[in-house]
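Remarks on the structure that follows.
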Amino acid sequence: MTGRLLIRDTCLADGRSPSLQVGVSLLIEDGRIAWVSPDEKEADDADVLDGGGATIVPAFVDAHSHLTMPGGSHWIDRGSDPPEHLRAVARHNAARLVQAGVLWARDVGSPAGPDGRAISLLVAQEMSSAAGAPYIRVAGTWIAKDGYLPMTVAVKDGAGLREAALAQLDAGTDFVKIMLDPPDRSDQCPFTVDEVRGACEAVHARGRTITAHATILDGARVGAEAGVDSIEHGMELDDSIAVTMKRNNVALVSTLSVLASWATFDRTTRIERFTSEEGKRRLAARRDGAFAAIKAARRAGVRIAAGSDFGGGSVRAGHLAWEVEQLVEAGLEPHEALAAISWRRRAAQDRTCGQAAARGPGRPGSRAWRPARRSSRTLARLGCLQGGRARCLENDRDSDTSEFHPDSDNENSRTGQAFFSQELAGCLSYGRI
Ligand SMILES: [Zn+2]
């Protein structure tokens with residue numbers, strides 16, 4: 001074991017163009033990319049891995065995740081499990097993420113512990129010093145209109161919204177998450193534009209960012225007009241709202257795979273909302289609407305990042321590739337979808353996580369690029385890894401224990417810059433199955 005690994009004759013996809021670069025060599029030194037060469041190249045003393053027929057992709061960023069919860073068809077119930085159990089779930093989820101190539105998770109909501117602080121804060125603290133753990137940024141506990149869900153911080157009005165947002169920051173969160181869906185399941189946002197704007201301004205005054213959950217049209221409208229930094233889900237955007245998002249630099253974080261996950265529950269559960277004909281019809285309509293929203297966002301030039309919503313939705317941790325597949329079905333080019341879970345997510349992260357993002361994955365010279373490994377069922381179906389079948393690169397360094405601290409990334413690595421400037425690849429147009 002030399003600490004150096006040469007991957008030979010492999011293929012690169014970076015999500016920036018629709019083509020792949022083949023026949024490249026890549027040297028990893030102490031867990032970081034030292035150089036990438038378009039030709040066969042040797043490296044003295046390096047262990048050699050035959051990368052023939054596999055594709056190197058950027059490390060992934062799950063921009064919408066809930067580490068403390070396990071997902072599944074009872075996903076909301078699981079949020080009421082004991083705090084120690086939720087922390088154990090988070091450890092399990094973190095391991096699954098890294099295994100699937102997801103090195104960043106943006107945690108957009110967790111239940112609070114007995115002390116009132118979000119459990120995700122303890123998780124983030126633990127992960128920050130844990131070997132082999134993903135980078136994590138947390139929004140703390142969801143802030144919602146009174147009556148929404150018991151595990152949220154309940155507020156009555158705009159003043160409460162602002163106060164609760166600042167309280168989350170005071171507790172140590174990286175950013176803030178508010179819910180713009182109403183408790184009564186109506187189609188009206190429970191807050192006015194001015195109320196949300198007040199919370200945005202207060203959070204921005206602290207140099208932090210604020211994101212808004214909005215699955216309904218009116219919630220997205222309010223969030224976009226108020227100038228939140230991003231809208232989560234955004235399943236009912238129209239062209240007018242998308243244009244407002246673009247104008248106010250509001251990113252969209254898609255979570256389409258939740259709907260795809262629900263669609264499987266008609267066969268795997270007895271839950272009537274998923275198994276009944278009426279339930280299936282409603283779900284199909286919702287999916288069509290969500291796909292149309294992605295198209296509207298794309299037309300308007302909105303930055304699209306993506307997340308699996310694992311834990312806080314029914315998806316399980318590590319199935320992020322499902323989201324890529326859904327985005328492609330919704331109309332994104334394959335390399336755009338890959339961008340949404342890698343470098344473009346970093347752009348969203350920049351807005352939503354402040355300073356932290358500048359050191360995130362996708363940075364040249366960092367651990368941002370790694371052999372895609374141990375892919376989920378859906379990643380295998382993408383066919384992005386080797387023309388149809390995902391393959392594990394059996395590289396024991398993939399599970400190494402070297403640190404992931406962002407501060408140690410060499411952002412100005414000359415080789416790294418060159419790597420990026422080459423516009424090496426695109427991806428999934430290579431062949432979905
Ligand atoms: Zn969520």
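Laboratory data are not the source of any read-out in this text; all were calculated from the coordinates shown. Given the structure is predicted, the values throughout are model-derived calculations rather than measurements. No Cβ is skipped: glycine too gets one built from the backbone with ideal geometry, and neighbour counts run over all protein chains shown.
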Item to complete: Place a +1 charge on the Cβ of each Lys and Arg in segment 210-281 and a -1 charge on the Cβ of each Asp and Glu, then give the dipole magnitude about the Cα centre in debye, rounded to the nearest 20.
Response: 200
Item to complete: Find which of Ala293, Ala305, Ile271 sits farthest along the positive direction of the dipole of segment 183-309, computed with +1 on the beta-carbon of Lys and Arg, -1 on that of Asp and Glu, about the Cα centre.
Response: Ala305
Worksheet entry | Test item: Cα-centred dipole of segment 101-193, Lys/Arg +1 and Asp/Glu -1 on Cβ, debye | 120
Worksheet entry | Gap separating the Cα centres of segment 43-105 and segment 252-280, nearest whole Å | 23
Response to the item:
Looks like segment 148-248, by Cα gyration tensor root eigenvalues a ≥ b ≥ c and the a/c under 1.5 rounded cutoff (else prolate when a/b is bigger than b/c, oblate otherwise), is oblate
Practice prompt. Against the globular-protein guess of 2.2 N^0.38 Å, express the Cα radius of gyration of segment 193-349 as a ratio, rounded to two decimals.
Written response: 1.04
Worksheet entry | Linear extension gain, Ser276 paired with Arg247, 0.36 nm per residue minus alpha-carbon span | 6.3 nm
Discussion item. Would any residue of segment 295-322 have its amide N under 19 Å from a label point 7 Å out along Cα→Cβ of Arg91? List them or say none.
Written reply: 317-318
Worksheet item: Given 0.36 nm per residue, what is the gain on full extension from Ala171 to Gln188 after removing their alpha carbon distance, in nm?
Response: 3.1 nm
Worksheet item: Using a simple charge model, +1 on the beta-carbon of Lys and Arg, -1 on the beta-carbon of Asp and Glu, nothing else, what dipole does segment 1-97 show about its Cα centre, in debye to the nearest 20?
Response: 500
Worksheet item: Using the beta-carbon distance between Ala285 and Asp9 and R0 = 35 Å, what value does 1/(1 + (r/R0)^6) give for FRET efficiency, to the nearest 0.05?
Response: 0.15
